[in-house]
Amino acid sequence: MTLEPILQASPAIQVHLATIAGALVLGTWNIIGTKGTPAHRLRGRTYLLLMIAASLSSFGIQHLNKGGFSFLHLLSILVLVMAPFGWWTARTGRLRTHRHIMIGLYFGGIWVPGILTLLPGRLLHRVVFS
């Protein structure tokens, strides 16, 4: 494992990876931790801000489709729509819907694309498997 590919990557990729790493930690903590506490709400707000920042930074990453947007950018659009909706459902007491949205954002916005970045030829594949 080497961090060299990340250190040589564009600022958009570095910001994207940093925000996703933070969202992964906070999202995991919130999923396994006690719900409804002030700490849960603070972690949740920070998680959503990190997810929005990661989604926005993804639009600066266009290597997969040789300078254009790829199917992964559709996930970014989905996150930009669902993150505020997930926050709103918590604020309006729709906790079951909130839980489903947050779990969907966590797996569909972090884990699915994260696994895809481990495919051969991708930057994180070089980081993990070199």
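The values are calculated or read from the model by the stated rules, or taken from the named source; none is laboratory data. In this text, all values refer to a predicted model and were calculated from it rather than measured experimentally. Quick reminder, even Gly has a Cβ in these numbers, built from the backbone with ideal geometry, and neighbours come from all protein chains shown.
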Next on the checklist: Please pick out the residue among 75, 123, 116, 80 that is of a type in the set (A, V, I, L, M) and over 19 Å from residue 22 (Cβ atoms).
Outcome noted: 116
Checklist entry - Is one or more of the residues making up region 91-98 modelled with pLDDT of 90 or more and crowded, with 16+ Cβ neighbours inside 10 Å? => result yes
Checklist entry - On the given criteria, is residue 70 outside any helix (DSSP H, G or I) and either surrounded by 12 or more Cβ atoms within 10 Å (Cβ to Cβ) or touching a residue at least 12 places away in the same chain (Cβ under 8 Å) (or both)? => result yes
Next on the checklist: When you check residue 61 against the structure, is it part of a helix (DSSP H, G or I) and either out of contact with any strand residue (DSSP E or B) (no Cβ under 9 Å at 6 or more places or on another chain) or farther than 16 Å from residue 19 by Cα (or both), yes or no?
Outcome noted: no
Checklist outcome for this item: Taking region 17-37 and keeping residues of a type outside the set (Val, Ile, Thr), surrounded by 15 or more Cβ atoms within 10 Å (Cβ to Cβ) and either out of contact with any Ser or Thr (no Cβ under 8 Å at 6 or more places or on another chain) or modelled with pLDDT under 95 (or both) leaves 17, 18, 23, 24, 27, 30
Next on the checklist: Of everything in region 109-130, what is touching a residue at least 24 places away in the same chain (Cβ under 8 Å), under 16 Å from residue 30 (Cβ atoms) and not β-branched (Val, Ile, Thr)? Give them in sequence order.
Outcome noted: 109
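Rundown of residues vs (1) in contact (Cβ under 8 Å) with a residue 60 or more places away in the chain; (2) assigned to a helix (DSSP H, G or I), yes/no style:
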| residue | (1), (2) |
| --- | --- |
| 9 | yes, no |
| 13 | yes, yes |
| 19 | no, yes |
| 24 | yes, yes |
| 29 | no, yes |
| 34 | no, no |
| 39 | no, yes |
| 43 | no, yes |
